[in-house]
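Peer 1: Take a look at the following structure, please.
The values are calculated or read from the model by the stated rules, or taken from the named source; none is laboratory data. Quick caveat: nothing in here was measured; it's all calculated off a predicted structure. Please note: Cβ atoms are built from the backbone with ideal geometry, for glycine as well, and neighbour counts cover all protein chains shown.
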Amino acid sequence: MAKLSPSILSADFANLKEEIEKIEEGGADYIHLDVMDGTYVPNITFGPPVIKKLRRTTKLPFDVHLMIDKPERYIKNFVEAGADLITVHEESTIHLHRTIQEIKNYGIKAGVALNPSTPLDNIEYVLEDLDLVLIMTVNPGFGGQSFIGSMEGKIKKLRQIIDERNLNIIIEVDGGVKLDNAKEILDYGADLLVVGSEIFESEDIAEKTKAFKLL
Ligand SMILES: O=C(CO)[C@@H](O)[C@H](O)COP(=O)(O)O
Ligand SMILES: [Fe+2]
């Protein structure tokens, strides 16, 4: 069964509590929280105070995707807000190894995200320290974009590396995941799918979440 992390980026921000209840009802495994700072990506969303309030509304684990410049400045704030898993972009932090260690020292899971143009080689020497690798299948910043086809090879290659080395790393795929391509993406080797617009822009959020869970 597919693991699912619905992204609230496309949710109704005036009714987040209700929207979260619907994905919970549909069987979501995590909630994906897209944090954007207007510098690392050309969009601004929300930060630790919003996440802290949301923490009281659900027991689902918080999958926090940081699209911010120099994320090491704010790891503590996101941990205190209730993150269970923090993913930083490889391109956003100079001392990636140190940033990963900082996240893990708080006793939560650490992930690294790669933009579409960033090679897997860039995480070669931190792979053993990671709980998760997030493959961006769109350029980060916005929901509702189309899956970039060449990411198929990247997901497959990462699956091969993880299996060959027997590593315990989740492959998360984020961007342009829809009901009609999700099965293929799982077959490439993804473990965890992020879905934003396809779930939150649908008529029935709980039913749509269930449909992904049945894949
Ligand atoms: O990180 C991001 C965008 O930068 C994503 O998490 C999007 O929110 C996914 O949205 P869809 O592509 O599924 O609409
Ligand atoms: Fe994301």
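Peer 1: Just give me the residues in the stretch 143-162 being more than 21 Å from LEU85 (Cα to Cα), buried (at least 16 other Cβ atoms within 10 Å of the Cβ) and not aliphatic (A, V, I, L, M), in sequence order.
Peer 2: PHE147, GLU152, LYS154
Peer 1: Condition first: surrounded by 12 or more Cβ atoms within 10 Å (Cβ to Cβ), among the hydrophobic types (A, V, I, L, M, F, W, C) and more than 17 Å from LEU120 (Cβ to Cβ). Can you find one or more residues in the stretch 167-176 that meet it? Write out each step before concluding.
Peer 2: Of all residues in the stretch 167-176, those surrounded by 12 or more Cβ atoms within 10 Å (Cβ to Cβ) come to 167, 169-176.
Retained after the next criterion (residues that are among the hydrophobic types (A, V, I, L, M, F, W, C)): 167, 169-171, 173.
Narrowing further to those that are more than 17 Å from LEU120 (Cβ to Cβ): none.
No, the stretch 167-176 contains no residue that is surrounded by 12 or more Cβ atoms within 10 Å (Cβ to Cβ), among the hydrophobic types (A, V, I, L, M, F, W, C) and more than 17 Å from LEU120 (Cβ to Cβ).
For every residue, the table says whether it meets (1) within 13 Å of ligand 1 (Cβ to nearest atom); (2) touching a Pro at 6+ places or on another chain (Cβ under 8 Å); (3) within 25 Å of TYR40 (Cα to Cα).
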site: GLU124; (1), (2), (3): no, no, yes
site: LEU134; (1), (2), (3): yes, no, yes
site: VAL173; (1), (2), (3): yes, no, yes
site: VAL195; (1), (2), (3): yes, yes, yes
site: GLU203; (1), (2), (3): no, no, no
site: LEU215; (1), (2), (3): no, no, no
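Peer 1: Still on this structure, I have one more. Quick check on the stretch 33-52. Is at least one of its residues among the hydrophobic types (A, V, I, L, M, F, W, C) and closer than 13 Å to GLY111 by Cα? I'd like the intermediate steps shown before the answer.
Peer 2: Our first condition is that a residue be among the hydrophobic types (A, V, I, L, M, F, W, C); within the stretch 33-52, this holds for 33, 35-36, 41, 44, 46, 50-51.
Remaining after also requiring closer than 13 Å to GLY111 by Cα: none.
Within the stretch 33-52 (the criterion being among the hydrophobic types (A, V, I, L, M, F, W, C) and closer than 13 Å to GLY111 by Cα), the answer is no, since none of the residues qualifies.
Peer 1: Can I ask one more? Across the stretch 119-153, what is the number of residues that are in a loop (DSSP other than H, G, I, E, B) and either under 22 Å from ASP187 (Cα atoms) or not aromatic (Phe, Trp, Tyr) (or both)?
Peer 2: Of the residues in that region, 16 qualify.
Peer 1: Something else about it: Collect the residues in the stretch 191-203 that are in contact with a helix residue (DSSP H, G or I) (Cβ under 8 Å, 6 or more places away or on another chain) and either outside any helix (DSSP H, G or I) or free of Cβ contacts under 8 Å to residues at least 12 places away in the same chain (or both), keeping them in residue-number order. Can you show your working first?
Peer 2: Step one: filter the stretch 191-203 for residues in contact with a helix residue (DSSP H, G or I) (Cβ under 8 Å, 6 or more places away or on another chain), giving 193, 195-202.
Scanning the stretch 191-203 gives LEU193, VAL195, GLY196, GLU201, SER202.
Peer 1: Moving on to the next point. Select, from LYS156, LYS178, the only residue that is without any contact (Cβ under 8 Å) to a residue 60 or more places away in the chain and more than 16 Å from ligand 2 (Cβ to nearest atom). If you could, list the steps in order and put the result at the bottom.
Peer 2: On the way: LYS178 fails: more than 16 Å from ligand 2 (Cβ to nearest atom).
Every option except LYS156 fails the conditions.
Peer 1: Additional query: Test LEU54 against the stated conditions and say whether it is farther than 22 Å from ILE94 by Cα, modelled with pLDDT of 95 or more and among the aliphatic types (A, V, I, L, M).
Peer 2: Numbers: farther than 22 Å from ILE94 by Cα: yes; modelled with pLDDT of 95 or more: yes; among the aliphatic types (A, V, I, L, M): yes.
For LEU54, the condition - farther than 22 Å from ILE94 by Cα, modelled with pLDDT of 95 or more and among the aliphatic types (A, V, I, L, M) - is met.
Peer 1: Hey, another quick one. Within the stretch 101-115, which residues are surrounded by fewer than 23 Cβ atoms within 10 Å (Cβ to Cβ) and farther than 15 Å from ASP34 by Cα?
Peer 2: Of everything in the stretch 101-115, those that are surrounded by fewer than 23 Cβ atoms within 10 Å (Cβ to Cβ) and farther than 15 Å from ASP34 by Cα turn out to be GLN101, GLU102, LYS104, ASN105, TYR106, GLY107, ILE108, LYS109, ALA110.
Peer 1: Tell me yes or no: at least one residue of the stretch 93-109 is within 16 Å of ligand 2 (Cβ to nearest atom) and out of contact with any Phe, Trp or Tyr (no Cβ under 8 Å at 6 or more places or on another chain). Let's see the steps before the verdict.
Peer 2: Step one: list which residues in the stretch 93-109 are within 16 Å of ligand 2 (Cβ to nearest atom), which gives 109.
Keeping just the survivors that are out of contact with any Phe, Trp or Tyr (no Cβ under 8 Å at 6 or more places or on another chain) gives 109.
Scanning the stretch 93-109, I find at least one residue that is within 16 Å of ligand 2 (Cβ to nearest atom) and out of contact with any Phe, Trp or Tyr (no Cβ under 8 Å at 6 or more places or on another chain), so the answer is yes.
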